[in-house]
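Structure first, then comments.
Rule-based calculations on the coordinates, nothing more; no lab input. Please read all numbers here as calculations on a predicted model, not as lab measurements. Heads up, the Cβs are rebuilt from the backbone with ideal geometry, glycines too, and the neighbour counts pull from every protein chain shown.
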């Protein structure tokens with residue numbers, strides 16, 4: 001216990017870790033705020049740069065950027081109606097109307113405090129649940145890993161993007177990219193087309209930087225001339241009475257955030273949307289209607305998206321399965337530094353959990369400090385013209401891709417995936433499932449083979465094994481529920497729009 | 001009715017062709033030899049991808065409304081060629097020269113303000129990026145034409161000599 005406590009305090013007492021967390025959080029707030037920069041992009045680029053660092057330092061920086069970035073998106077959502085990060089889309093719904101009423105300062109202050117509360121809820125759950133879950137995870141059979149990975153990809157595909165088919169396609173593509181190279185079990189060539197260079201596969205980092213960094217930069221070129229409007233900002237600190245009044249809703253939405261964050265693959269952006277929806281349903285008499293500056297509409301998504309950060313770390317550390325896109329990238333970093341996320345992590349290197357908990361708490365406090373200060377400078381930096389921002393993003397992406405292995409080929413792969421990602425984003429294909437697929441590919445393949453070999457290559461045996469184990473049954477049920485639920489909801493909304501169409505026609509007749 | 005963008009059908013067909021190609025190649029790995037063979041997982045995934053691509057192509061064919069919004073505005077193509085050129089010359093010219101040229105051209109093209117602003121931004125960016133990534137993160141960037149390492153070594157020696165020569 002005292003061991004864990006000393007690791008918890010590590011980030012607080014070591015000056016370089018303290019500084020890195022602070023720098024990370026501060027930078028993260030700006031990265032999250034500037035539309036065109038994303039936390040996933042930044043963390044992807046940082047993995048190759050922090051390769052030579054001590055693992056704790058790399059993790060501290062990334063945790064800071066994560067926490068800061070998820071919060072930072074709300075700033076521009078409130079001030080400019082441009083969410084800097086997907087997690088802040090719901091924040092703009094009521095945040096921007098508040099700013100238009102001249103209450104930008106209150107909005108920013110409230111969202112900061114609520115984000116910090118949400119953050120602590122998420123971290124608390126991480127601290128409490130992870131040790132229990134990782135013991136439970138030791139009982140996970142290969143088929144359970146297979147099912148949970150499948151669930152993650154399906155969830156991400158179903159909830160983002162315009163259609164389930166597009167999401168499934170993106171996920172499948174990611175899984176296939178992950179199989180490129182020599183088969184780990186039999187050393188047979190897969191998708192290498194005779195190129196020895198491809199035996200080690202395509203670097204997932206190059207794919208990530210391409211799809212999240214370069215593709216997004218190219219998409220931003222469409223909005224080159226969008227100008228930012230300045231806002232007046234004062235009276236930042238929210239009155240204690242208001243915070244207390246919002247507390248129950250904040251705790252409810254934080255819980256939603258943690259659970260969603262913990263689900264493999266889905267993270268802050270979806271948590272924020274569901275939280276906003278929840279707030280709309282449970283708030284009976286908001287001071288102002290939702291969509292016109294209701295404080296509840298601001299509190300809910302902000303608590304949820306920060307709570308999702310702690311939640312996303314749970315499956316990442318205990319099962320080795322990312323809770324969202326950013327933790328997917330952070331898993332890559334853990335592997336590079338020789339760690340093994342998964343149930344063995346708690347046994348072999350338990351200090352990582354306590355270090356992460358302490359680190360995230362520290363980052364959360366920095367969010368509070370940086371969030372309530374320096375807003376005027378912020379407004380100026382964030383209005384950086386896109387003509388300058390976009391080449392800088394691309395430059396750093398190229399440097400980041402080159403730095404993976406000092407190989408120009410990674411840069412070319414990154415560009416190729418940048419082009420693919422550009423068209424995919426343009427046509428409504430979600431790109432999150434690609435990254436998830438790449439990261440989970442080997443895990444799914446190996447667990448599939450282990451599962452089927454242990455059933456003597458009998459598919460029937462595997463299915464009966466699933467039915468007989470309560471855990472596997474629940475997971476399999478969840479896997480089936482996603483496409484079925486998705487199709488059912490789509491047919492319901494299609495019926496509703498068809499009904500309203502005929503109603504309109506009748507009304508006009 | 002779903003809106004279709006220009007080129008969306010073509011892209012859908014491209015993805016379908018890609019999926020079929022990957023499926024064929026996956027079959028070539030180990031055929032139907034067994035559920036735990038190295039080709040089993042890739043084949044299953046490629047099959048799923050093919051089904052998804054087919055569903056999308058059919059959906060694209062059905063979508064009635066058409067949005068004529070530009071999908072590949074010239075600015076994107078030109079900028080992409082700049083990035084490609086930068087990647088080509090990165091090794092040969094070295095990071096400092098290649099990146100400086102890239103930023104000057106790209107910012108000049110996209111930002112459309114004064115030349116002074118372009119040059120100032122570029123130089124600031126290169127200096128900051130160099131310090132952060134080369135010196136702090138210690139990332140090895142391609143050296144190319146400029147004898148960077150020799151310069152850094154000389155600078156290091158000079159600094160050491162300065163402090164050693166003191167009291």
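Summary of the geometry: the stretch A:116-180 and the stretch A:202-221, compared by the centres of their Cα atoms, lie 22 Å apart. For chain A, the relative contact order comes to 27 percent (Cα pairs under 8 Å, sequence separation of at least 6). Here the protein assembly as shown is treated as a sphere whose radius is the Kirkwood value from Cα pairs; by Stokes-Einstein at 20 °C and 1.002 mPa s it diffuses with a coefficient of 82 µm²/s. Every helix of 4 or more DSSP H residues in chain B counts as -39500 (n - 2.57), and over all residues that averages to -23500 deg cm²/dmol at 222 nm.
Panel order for A:216, B:65, A:188, by other beta carbons found within 10 Å of each beta carbon, from fewest to most: B:65, A:188, A:216. Sort the stretch A:145-222 into rounded, prolate or oblate with this rule: let a ≥ b ≥ c be the square roots of the eigenvalues of the Cα gyration tensor; rounded if a/c is under 1.5, and if a/c is not under 1.5, prolate when a/b is larger than b/c, oblate otherwise. Here the stretch A:145-222 falls in the oblate category. Averaging Cα coordinates gives a centre for the stretch B:3-22 and one for the stretch B:96-152; these two points are 38 Å apart. With a ≥ b ≥ c the root eigenvalues of the C-alpha gyration tensor of chain B, is it rounded (a/c under 1.5), prolate (a/b larger than b/c) or oblate? Judged from the Cα gyration tensor, chain B comes out oblate (a/c at least 1.5, b/c at or above a/b).
For the stretch A:22-138, averaging the sequence separation of C-alpha pairs within contact (under 8 Å, six or more residues apart) and dividing by the residue count gives a relative contact order of 24 percent.
Sorting A:402, B:130, A:313, A:71 by the number of Cβ atoms found within 10 Å of their own Cβ, with the fewest placed first, yields B:130, A:402, A:313, A:71. Neighbour counts of other Cβ atoms within 10 Å put B:79, A:5 in the fewest-to-most order A:5, B:79.
How many angstrom lie between the C-alpha centres of the stretch A:313-356 and the stretch A:409-470? A separation of 19 Å, based on Cα centres. Taking the helices alone, chain A has a mean residue ellipticity at 222 nm of -24500 deg cm²/dmol, built from -39,500 (n - 2.57) per DSSP H run of at least 4 residues and averaged over all its residues. Averaged over peptide B:25-37, the number of partner chain Cβ atoms lying within 10 Å of each residue's Cβ comes to 4.
Based on the alpha-carbon gyration tensor of the stretch A:258-317 and its eigenvalue square roots a ≥ b ≥ c, which shape applies: rounded if a/c is under 1.5, prolate if not and a/b is larger than b/c, or oblate? The shape class here is prolate.
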